[in-house]
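The values are calculated or read from the model by the stated rules, or taken from the named source; none is laboratory data. Note that the structure is a prediction, hence the values are computed from the model and not measured. Note: ideal-geometry Cβ built from the backbone for every residue, glycine included; neighbour counts use all protein chains shown. Note: areas computed on protein heavy atoms with side chains; ligands, DNA, RNA excluded. Shrake-Rupley method; radii C 1.70, N 1.55, O 1.52, S 1.80 Å.
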Amino acid sequence: MEWMILPYRRYADFAGRSGRREYWMFFLLMGIVGAVLGGALAVGIGEDDGSGTLNSLALTRVAMILTAIWGLGSIVRFVAVHVRRFHDQDRSGWWVLLGALLGVNLIVLIFMGREGTRGANRFGADPGETGRDPA
C-alpha cells in the first residue's frame, strides 16, 4: 500500500527518480479506483429505467462527481510519476509528451517497464540504492 500512495505524497515533484515498483503500484491503484468508480457509474446508469428514479440518478451523479474529483486530483501526480520514471532511465521528462501522441501509449508503457540506470545519474540517486525502491 505504501508504494501505491507514494506518488500522492510526492504531489508535484518532477525532480528525482521513481523506480518501477513505485510506478506500477501507482498504475495499479489508478486501475482499481477507476474500475470501482466505473462500476458504480455503470450500475447507476444500468438501473436507470427511464423513469428518473432518485436512486439511479443520485448514484450516477455521485459516481460522476467522484470520478471527476479523483481524475483531476490525480492527473498532476500521474504526469509527475511518469517524468520521474523517465528520469530513472536517464531520459528527459519531455518524453512524457510521447504518450500524448496517438498510438504511442504502448511504447511509453514499454519504457515504463524498462530497468532504470544503475547508480546515480544526472537526475539523482538510484531509487534502489536509497531504499525507496528495491525492485
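Residue pairs whose Cβ atoms lie under 8 Å apart, sitting 6 or more positions apart in sequence or on different chains, and linking a residue in segment 59-76 that is open to solvent by less than 100 Å² (accessible area, probe 1.4 Å) to a partner that is of a type in the set (D, E, K, R), are Leu59/Glu47; Thr60/Asp48.
The one condition from (1) in a helix (DSSP H, G or I); (2) in contact (Cβ under 8 Å) with a residue 24 or more places away in the chain; (3) of a type outside the set (Lys, Arg) that Gly116 does not meet is (1). Once segment 1-37 is narrowed to residues that are surrounded by fewer than 14 Cβ atoms within 10 Å (Cβ to Cβ) and small (Gly, Ala, Ser), the residue that is nearest to Ser92 (Cα to Cα) is Ala15. Any chance segment 97-109 includes a residue that's surrounded by fewer than 11 Cβ atoms within 10 Å (Cβ to Cβ), at pLDDT below 90 and closer than 26 Å to Trp3 by Cα? Yes, some residue in segment 97-109 is surrounded by fewer than 11 Cβ atoms within 10 Å (Cβ to Cβ), at pLDDT below 90 and closer than 26 Å to Trp3 by Cα. Answer yes if at least one residue in segment 58-67 is under 16 Å from the mean Cα position of the chain (by Cα) and either modelled with pLDDT of 90 or more or assigned to a helix (DSSP H, G or I) (or both), and no otherwise. Yes, segment 58-67 contains at least one residue that is under 16 Å from the mean Cα position of the chain (by Cα) and either modelled with pLDDT of 90 or more or assigned to a helix (DSSP H, G or I) (or both).
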